[in-house]
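The values are calculated or read from the model by the stated rules, or taken from the named source; none is laboratory data. Not measured: the values here are computed from a predicted model. Neighbour counts are summed over all protein chains in view; Cβ atoms, including those assigned to glycine, are modelled from backbone coordinates with ideal geometry. Only protein heavy atoms, including side chains, enter the accessible area calculation; ligands, DNA and RNA are left aside. Shrake-Rupley method; radii C 1.70, N 1.55, O 1.52, S 1.80 Å.
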Amino acid sequence: MGEALAGLRDAFSRTGTRGLEGLPRNMIRISTIFIAICMVLVAASLGLILYSVAGISGTESAIVALTALTFLILYNAVSMRLRDRTDVGGQIADLSRGTADLARQVAEFGRRLAAVEGRVATANSANAERVQAAVGEIGELGALVKQLAVSVASHDDMLAAGAAAAAPAAAAEKAAIEPQGGLPSTAESAGITAAPAAPAPAPTSVAGKAPASRSAAQILGAVKNAVEENRIDIFLQPMVSLPQRKVRFYEAVTRLRDDKDQLLAADDFIAVAEAAGLIGRIDHIVMLKCVQVLRRLMVRNKEVGIFCNVSAATLGNSAIFTQCLDFLEANRALAPSFVLEFKQATFRNLGAAESEHLAALAQRGFRFSIDHVADLRIEPRELADRGVRYIKVPAALLLDPRQSSASDIHPSDLSDLLGRFGIDLIAERIEGERAVVDLLDYDVRFGQGFLFAPPRPLRPESASATAGAVANKAQETNGSGKTASVEGAAIDPPRATGSAALARRVAGPG
């Protein structure tokens, strides 16, 4: 019976300690209670056998039973202690085996990482050799392009000098061959429809302006008649991107025609019109025509825009400005492409009414441009807050070396400074290729001037034609040498004389 009890205890001990470690705590307690009950039953059975079979007295049998029970308890405690030590050794062995496996995995990962690093180093060395070879080739190409830029610039200067020398003779020959009011043969070959010549027009100056001998009273009378009879024309002059020379915007230049169809330039009549209070009506009519032209231009090219000049008198006159604002509100959808242009002096002398009117335009999404810039003392943050997105600076002013000491910023850094506030710099009055080459070093993105195209008038005969295809033709014919009609306006396409500028741009500074 003692051996059976020991075997039962060992079985329960093995299942109760190792086999039952993963079981709930309640089941472990039940197994322990069961073993204790079995030990009590074994001790009681031993005392009962001694009392009934051996004839020992009850007291002695009880003492023997208690002694056996004590022995069983001690044996169970010692065996559990030894078993716990054995379990700790097994756990240590398991931990050692797990550590060894982890070390093997780390070693394998290190070997793979070393292989990857070796491959990356090999690839980097190969790429470095290729980059060095490419840099060397680019350096050689840069030297060749610089030589090409110098050669082409010299060639353009020679052509310009030759053209200037041959201009008087060509003009005399042309006057002798062609009848007055006729079109050049190049315009006829380009398929351009010109406005019919007025019968026996009075001779005008070279620039197409009225004779300078007119008095202020005569100019005032011509202005009044032009406003009353709607003889207000707009000429379009393109603004191109540099160095690509792709047409991006047009500036509407106002011209008035008198009763003899002689043209009055803006510089001739603006002061008289402002003094007579007529400039507001002129600006309103010009806005109307600019919107009509812009709608036709955007039929095919959504990226094109138009600059419309607005005088300070119109901005400060509440009655006239209200009419202009109502008209612009009705054409609010064109605001991203319709830029209102003001003089620098206008922005520097804004009053309360003018500031309020500018804010009303900016709230409706219209953007502003500044021209007639006399100096480079510009506050880009303030201008950007007011809605200015373009600033036109004469090329001569940008390239003037005296401006670096007279202004707070060097002209070469002006484009970057304005760009931080979302303002684009436009160089205007560009008349030579040398200026383009130098302006590209200043990172100027847009240019305007007679080098690219002079202002051209609208042609009434072609006003009914679809202007989208004509506008695309004006932008695509960069080297054709033909004259394209844009929204009924004869505008010279960008001339193919930008080789020097493009080469200089690719070669970089130095």
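Determine the share of the stretch 35-134's accessible area contributed by carbon and sulfur atoms, expressed in whole percent, with a 1.4 angstrom probe. If you can, show how the numbers build up before the last one.
Numbers: 5110 of 7440 Å².
In the stretch 35-134, the share of accessible area belonging to carbon and sulfur is 69 percent.
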- What is the distance, in nm, between label points placed 7 Å from the Cα along the Cα-to-Cβ direction at Ala333 and at Ala54? 11.9 nm
- Kirkwood calc, the stretch 272-328, C-alpha pairs only, radius in angstrom 12.2 Å
- Could you tell me what percent of the accessible area of the stretch 211-343 is made up of carbon and sulfur, with a 1.4 Å probe and every protein chain present? 50 percent
- Query: Which whole-Hz ³J(HN,Hα) couplings does the stretch 408-416 yield from phi under the Karplus relation 6.51 cos²θ - 1.76 cosθ + 1.60, θ = phi - 60°, glycine and proline marked x?
  - Reply: 7, 9, 6, x, 5, 9, 5, 4, 5
- Which value, in Å², gives the accessible area per residue of the stretch 270-382 when a 1.4 Å probe is used on the protein heavy atoms? 44 Å²
- So what's the net charge close to Ser405: Lys and Arg +1, Asp and Glu -1, counting the other residues with Cβ under 15 Å from its Cβ? -2
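Taking 0.36 nm per intervening residue step and subtracting the Cα-Cα distance, what contour gain separates Gln363 from Leu144 on full extension?
Values: separation 219, 0.36 × 219 = 78.84 nm, distance 5.14 nm.
Answer, rounded to one decimal: 73.7 nm.
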- Note on the structure: Going residue by residue through the stretch 119-131, the Karplus relation 6.51 cos²θ - 1.76 cosθ + 1.60 with θ = phi - 60° gives ³J(HN,Hα) values, rounded to whole Hz and with x marking Gly or Pro, of 5, 4, 4, 5, 5, 5, 5, 5, 5, 4, 5, 5, 5
- Mind listing the phi-derived Karplus ³J(HN,Hα) values for the stretch 214-224, rounded to whole Hz, using 6.51, -1.76 and 1.60 with θ = phi - 60°, and x for any glycine or proline? 5, 8, 5, 5, 5, 5, 4, x, 5, 5, 4
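Can you give the extra length, in nm with one decimal, that the chain gains between Ala217 and Asn124 once fully stretched, where that is 0.36 nm per residue apart less the Cα-Cα distance?
Gain in length upon complete extension: 25.5 nm.
Expected output is a single nm value to one decimal: the length gained when fully extending between Ser405 and Glu379, i.e. 0.36 nm times separation in residues minus the C-alpha distance. What is it? Mind showing how you got there, number by number?
Working: separation 26, 0.36 × 26 = 9.36 nm, distance 1.70 nm.
Result for the pair: 7.7 nm of gain on full extension.
Over 26 Å between C-alpha atoms is what I'm after, so list which of Lys146/Lys246; Lys260/Lys289; Lys260/Lys343; Lys224/Lys302 land there.
Numbers: Lys146/Lys246 23 Å; Lys260/Lys289 22 Å; Lys260/Lys343 31 Å; Lys224/Lys302 36 Å.
Violating the 26 Å limit, Cα to Cα: Lys260/Lys343; Lys224/Lys302.
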